Amino acid sequence: MYRGEQVILRAYEKTDLERAHQFFNDYEMMRFLRIGAIYPCSLEQEAEVIENLNKDKSKGYAFAIATLDGKYIGGCGYMDLDQKNATCMVGIVIGDKDYWGKGYGTDAMRVLLGFLFRELSLRKVQLGVFAYNVRGIKSYEKVGYKVEGVFKDQIQRDGIFHDEVRMAIFRDDFLKRDHPPIAT
């Protein structure tokens, strides 16, 4: 539905279920997403998550990320929508490791931000990223995010405490970067 240079953001389909289940049971991927302990997820639990993802769009929405030829590779979305202050938090995951480090996540984030700033008229979008996710931080900076703060020793992973970096981007700064419209 919303198209970038490499990806399309679309609704989740039942056909995404098995791949999503694989993605969210991959420890290497999940260590970038979860603050707490990483537990396995059953196929039934994943089906329930997908079914309930987008019941209340006034609070958040999750898009499936697909390549231009239609292959499901991950997801992104917004949560904690604050309409009064025109802000939200976002998250993104490229679950298919064959697509890591090739610009798909950066493109998906650009498309998501275009949606949030143009369609929802938000003024500021925030995210949290673990300091050891260097690839993610570089991707967010490419789109225009800036560091707003650091929560020291916020997460324990593999017996070591790590910082959580809070980043944000403002509508005016995003639109100055001359991103093209994103609707397909």
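The numbers here are math on the coordinates, done by the rules we state, and not lab data. This structure is a prediction, so every number in the text was calculated from the model and none was measured. Please note: Cβ atoms are built from the backbone with ideal geometry, for glycine as well, and neighbour counts cover all protein chains shown.
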Apply the Karplus curve 6.51 cos²θ - 1.76 cosθ + 1.60, θ = phi - 60°, to the phi angles in segment 105-118 and return the couplings in whole Hz, x for Gly and Pro. x, 4, 5, 4, 5, 4, 5, 4, 5, x, 4, 5, 7, 8
Under the Karplus relation 6.51 cos²θ - 1.76 cosθ + 1.60, θ = phi - 60°, what is the ordered set of whole-Hz ³J(HN,Hα) values for segment 15-29, x standing for Gly and Pro? 5, 7, 4, 5, 5, 4, 4, 5, 4, 7, 10, 9, 4, 4, 6
Taking the Cβ of L43 as the centre, find all other residues whose Cβ is under 13 Å away and add up their charges (Lys, Arg: +1; Asp, Glu: -1). -4
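Cα-Cα pairs above 17 Å in segment 6-115: how many percent? If you can, show how the numbers build up before the last one.
Numbers: 3317 of 5995 pairs.
Summing the P(r) tail past 17 Å for segment 6-115 gives 55 percent.
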Residues with amide H under 5 Å of G95's amide H, sequence separation 5 or more or different chain, H placed in the peptide plane at 1.01 Å from N; which? G74, G75
In a Gaussian network model over the chain where Cα atoms closer than 10 Å are linked, find which of G75, G159, G144 has the largest mean-square fluctuation. G159
With unit charges on the beta carbons (Lys and Arg positive, Asp and Glu negative) and the dipole taken about the Cα centre of the chain, which residue among V147, L33, T106 sits farthest to the positive side? V147
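At 0.36 nm per residue, minus the direct Cα-Cα distance, what do S58 and Y39 gain on full extension? Give it in nm, one decimal, please.
Values: separation 19, 0.36 × 19 = 6.84 nm, distance 2.87 nm.
Full-extension gain reported as 4.0 nm.
Pop the C-beta distance of M1 and D173 into the FRET formula with R0 = 25 Å and round what comes out to the nearest 0.05. Intermediate results must be reported in sequence, preceding the final value.
Values: r = 25 Å, r/R0 = 1.00.
Using R0 = 25 Å, I get an efficiency of 0.50.
Here is the link list: K59/K142; K124/K176; K55/K84; K102/K124; K14/K97; K71/K97. Which ones come out longer than 24 Å on Cα distance?
Details: K59/K142 27 Å; K124/K176 14 Å; K55/K84 21 Å; K102/K124 26 Å; K14/K97 21 Å; K71/K97 13 Å.
Among K59/K142; K124/K176; K55/K84; K102/K124; K14/K97; K71/K97, the Cα-Cα distance tops 24 Å for K59/K142; K102/K124.
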